[in-house]
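Here's the structure, in structure tokens; my notes come after.
All of the numbers you see were taken from the coordinates with simple rules; none came from a lab. All values reported here derive from a predicted model rather than from experimental measurement. So basically every Cβ, Gly included, is an ideal-geometry build from the backbone, and we count neighbours across all protein chains shown.
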Amino acid sequence: MAIADWVQRQLAKAPPWSDEQFEEVQKLLCPPAPPEEFMHWRVRLYCGHICEVTRLRRHERPDGGVTDKERCAECGLNPSVIVAFEPLVSG
Ligand SMILES: [Zn+2]
């Protein structure tokens, strides 16, 4: 297992990342969106439960974009497909 030993030695030599470095890299990879870029939806899930979800405003539908599913907070069904939705007007 010479290769495994070598990998272990290389890993041991590498300096550990600080929390700051880690956060910097995370920001570069996935910059956090400001709150005003989000909107809230009331959705009906496949299991029949209603819940509220948050999506980026640039997606026109809560079931478009990243995902068309949610974990149901009521019954725990995961994933539960969004079958209907309406925008929640915040205020
Ligand atoms: Zn449910």
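Quick notes
- Shape parameters for the stretch 33-91, alpha-carbon atoms, Rg then Dmax in Å: 11.1, 31
- Between Arg44 and Cys30, full extension at 0.36 nm per residue minus the direct alpha carbon distance yields a gain of 2.2 nm.
- For the chain, applying the loop criterion from DSSP together with a ceiling of 16 other beta carbons within 10 Å to the chymotrypsin sites (Phe, Trp or Tyr not before Pro) yields Trp17, Tyr46.
- Between Ala14 and His59, the modelled label-to-label distance comes to 3.2 nm, taking each label 7 Å out from Cα in the direction of the beta carbon.
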